[in-house]
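J.: Just dropping this structure here.
Every number here is computed from the coordinates shown, using simple stated rules; none is lab data. What you see is a predicted model, and the numbers here were worked out from it, not measured in a lab. Here Cβ is always computed from backbone atoms with ideal geometry, including for glycine, and neighbour counts include all displayed protein chains.
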Amino acid sequence: MRPNHRPGTDRLGLSARAAALPAQPIARLMAAALANPRLISLAAGFVDDATLPIGEVRRLMEHWIDHPDLARPSLQYGSAAGDPLLRELLLQQTDGAVAAGLTADHIVLTAGSNSLLHLVGEVLFEPGDIVLCGAPTYFVYLGMLQDLGARAVGVASDHEGILPESLDEQMRLLQSQGLRSRVKAVYLIPYFDNPAGTTMTAERRRAIWRVIDRWSQTDPLYLISDDAYRGLRYRGPDEPTMLSVGSDPERTITCGTFSKTFSPGLRVGWGVLPSGLVEPVLRKKAVVDFGSPYLNQVLARMALQQGVIAEHETVLQQAYRVKLDAMVEALDQHLASIPGVRYERPNGGLYVWLELPPSVPSTVDSPLWHVCTQEGVLYVPGEVCYAAEGVPKNHSTIRLSFGVQSVEKIREGIELLGRAVRQVCEGQLPEPLQVARV
Ligand SMILES: Cc1ncc(COP(=O)(O)O)c(C=O)c1O
């Protein structure tokens, strides 16, 4: 068997890269949900079905059908970079972009921002290159780095995200190991982080830049700012983009998406790229798909132009604020009094990050996991959100999502979770689990 191959894959003739890529955590979670359809899933990071903009899309499509000059080109292939008018609109709404001398040519539209992150990874990372990220961070991105052969290293984070001093310390450590030139990027989710729910203040953003600037003297160090949740803000000020507080647009990659603020089914995301990366990304995109679905881009453009996205954001903010509050109230009621339990109310996004006492692991196959899935509630085990290197995984953490479920189901789910945590803390486990634990 070739090194790194998973058993049973040799006879398929897979590439080493495909064979080495394990199933992603999401597959296990979906299997658990399918096995018990009554489960209240607080795991999926989906948006609420009830808020999907059917009426808005119908009106946009009616307008589209009535305007053949608009409709016909959008049924053709577009360009690799995507619709120029949408790119211009996105440029204008990215604070700091115009001031930094960027134009619509620095923007590339992709099928969701995940695709942009992957393209950027393809053009920047050699196998063995290092990306520094929060601990915890977006687990799909960790899977992507694994697919690219890059090493993810987790950096200590607090209620605002990555700590500048820990970032500096990690850079020093890597330099002492002769690895400075292998560190290619710092990946941040500075607005309502997935999974931690944290938001970076402008001051923290500047402090992160100061560290990156210090370490960029010899080799390039990019900052990837994943702004997927910026539009889902329920409280607090709208913080400036990393681009607008940073010193160097040539090292800043900003990505955005309409998935959270309008429709994930649209699959329209984008990247605001440094000049030097536009061509390499477009060359890569030219061999992958030579352009993402053009019709969807035109729909997104119409929605932006007609103010539909801004209106819809307001609707979403109201709906999700209520759900977030219901989740935090339920946590206050059912978990807050358990010693060692910690969580904070995020100002936006879709997630609450929960820390449990160290004696209560939350991993798949832990007693808590079994009790929860038997009792009817599903969560994302926090351990999947930690990079393999850097800050050690905290196995007693949970990502809770309040996006999908109704207020009633959120309350019920958190009550079940609270009961399960108490059961595990007190060692009152169902029979088979007691045996398994011994
Ligand atoms: C932090 C973060 N970035 C990027 C994405 C990808 O979004 P999309 O590919 O739908 O634009 C997600 C989706 O959940 C996310 O949570």
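J.: Are there any pairs, at least 6 apart or on different chains, whose C-beta atoms fall under 8 Å, with the first in the range 209-228 and in a loop (DSSP other than H, G, I, E, B) and the second small (G, A, S) and within 15 Å of the ligand (Cβ to nearest atom), and if so, which?
T.: That search, which allows pairs on different chains as well, returns L221/A185; D227/G256; A228/S113; A228/G256; A228/S259.
J.: Right, another one. Residue by residue through the range 295-331, note down the ones that are touching a Phe, Trp or Tyr at 6+ places or on another chain (Cβ under 7 Å) and of a type outside the set (A, V, I, L, M, F, W, C).
T.: Answer for the range 295-331, where residues must be touching a Phe, Trp or Tyr at 6+ places or on another chain (Cβ under 7 Å) and of a type outside the set (A, V, I, L, M, F, W, C): H312, Q317, Y320, R321, K323.
J.: Determine, yes or no, whether S292 is more than 16 Å from the ligand (Cβ to nearest atom), of a type in the set (S, T, Y) and in a loop (DSSP other than H, G, I, E, B). So that I can check it myself, show each step before the final result.
T.: On the way: more than 16 Å from the ligand (Cβ to nearest atom): no; of a type in the set (S, T, Y): yes; in a loop (DSSP other than H, G, I, E, B): yes.
No.
Per-residue answers, yes or no, for (1) in contact (Cβ under 8 Å) with a residue 12 or more places away in the chain; (2) in a helix (DSSP H, G or I); (3) at negative phi; (4) away from the ligand (no atom under 16 Å from the Cβ):
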position	(1), (2), (3), (4)
V47	yes, no, yes, no
E56	yes, yes, yes, yes
P73	yes, yes, yes, yes
Y77	yes, no, yes, yes
G82	yes, no, no, no
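J.: Does the range 295-320 hold any residues that are over 22 Å from the mean Cα position of the chain (by Cα) and within 16 Å of the ligand (Cβ to nearest atom), and which are they?
T.: L299, A303, L304
J.: Still on this structure, I have one more. For the subset of the range 229-249 comprising residues that are in a helix (DSSP H, G or I) and touching a residue at least 60 places away in the same chain (Cβ under 8 Å), which member is nearest to the ligand (Cβ to nearest atom)?
T.: Out of the qualifying residues, it is L243.
J.: Quick check, is L142 part of a strand (DSSP E or B), touching a residue at least 60 places away in the same chain (Cβ under 8 Å) and farther than 26 Å from R206 by Cβ?
T.: It is false that L142 is part of a strand (DSSP E or B), touching a residue at least 60 places away in the same chain (Cβ under 8 Å) and farther than 26 Å from R206 by Cβ.
J.: Answer yes or no: is there a residue in the range 179-202 that is part of a helix (DSSP H, G or I), in contact (Cβ under 8 Å) with a residue 60 or more places away in the chain and more than 16 Å from the ligand (Cβ to nearest atom).
T.: No, that holds for no residue.
J.: Just one of (1) surrounded by 20 or more Cβ atoms within 10 Å (Cβ to Cβ); (2) in contact with a helix residue (DSSP H, G or I) (Cβ under 7 Å, 6 or more places away or on another chain); (3) part of a helix (DSSP H, G or I) trips up Q170, so point out which.
T.: Only one criterion is unmet by Q170, namely (2).
Quick grid of which residues meet (1) more than 14 Å from the ligand (Cβ to nearest atom); (2) not aliphatic (A, V, I, L, M):
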| site | (1), (2) |
| --- | --- |
| L89 | yes, no |
| A99 | yes, no |
| L102 | yes, no |
| L117 | no, no |
| F125 | yes, yes |
| I130 | yes, no |
| C133 | no, yes |
| L148 | yes, no |
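J.: Take the residues of the range 104-115 that are within 16 Å of the ligand (Cβ to nearest atom) and assigned to a helix (DSSP H, G or I): which is surrounded by the fewest Cβ atoms within 10 Å (Cβ to Cβ)?
T.: Result: N114.
J.: Still on this structure, I have one more. Examine the range 377-384 for a residue that is over 20 Å from V47 (Cβ atoms) and over 25 Å from the mean Cα position of the chain (by Cα), and state whether such a residue exists.
T.: no
J.: Can you give me the number of residues within the range 336-374 that are in a loop (DSSP other than H, G, I, E, B) and among the acidic types (D, E)? Show your work before the answer.
T.: Residues of the range 336-374 that are in a loop (DSSP other than H, G, I, E, B), as a first pass: 336-341, 343-347, 349-350, 356-366.
With the extra rule that they be among the acidic types (D, E), the set shrinks to 344, 365.
Number satisfying all stated conditions: 2.
J.: Please enumerate the residues belonging to the range 295-335 that are exposed (fewer than 13 other Cβ atoms within 10 Å of the Cβ) and in a loop (DSSP other than H, G, I, E, B).
T.: G307
J.: Another one. Determine whether L102 is within 24 Å of L188 (Cβ to Cβ) and touching a Lys or Arg at 6+ places or on another chain (Cβ under 6 Å).
T.: Spelling it out, it is not the case that L102 is within 24 Å of L188 (Cβ to Cβ) and touching a Lys or Arg at 6+ places or on another chain (Cβ under 6 Å).
J.: Looking at this structure, is A156 under 24 Å from V352 (Cα atoms) and in a strand (DSSP E or B)?
T.: Yes, satisfied.
J.: Determine if the range 226-243 includes at least one residue that is surrounded by fewer than 20 Cβ atoms within 10 Å (Cβ to Cβ) and on the phi > 0 side of the Ramachandran plot.
T.: Scanning the range 226-243, I find at least one residue that is surrounded by fewer than 20 Cβ atoms within 10 Å (Cβ to Cβ) and on the phi > 0 side of the Ramachandran plot, so the answer is yes.
J.: Among the residues of the range 250-270, write down those that are crowded, with 24+ Cβ neighbours inside 10 Å, within 10 Å of the ligand (Cβ to nearest atom) and hydroxyl-bearing (S, T, Y).
T.: Correct list: T257 only.
J.: Quick check on this structure: which one of E62, E88 is surrounded by 13 or more Cβ atoms within 10 Å (Cβ to Cβ), without any contact (Cβ under 8 Å) to a residue 60 or more places away in the chain and in a helix (DSSP H, G or I)?
T.: Going through E62, E88 in turn, just one is surrounded by 13 or more Cβ atoms within 10 Å (Cβ to Cβ), without any contact (Cβ under 8 Å) to a residue 60 or more places away in the chain and in a helix (DSSP H, G or I): E88.
J.: Just checking, how many residues over the range 127-143 are surrounded by fewer than 23 Cβ atoms within 10 Å (Cβ to Cβ) and over 13 Å from A388 (Cβ atoms)?
T.: Looking only at that region, the number is 5.
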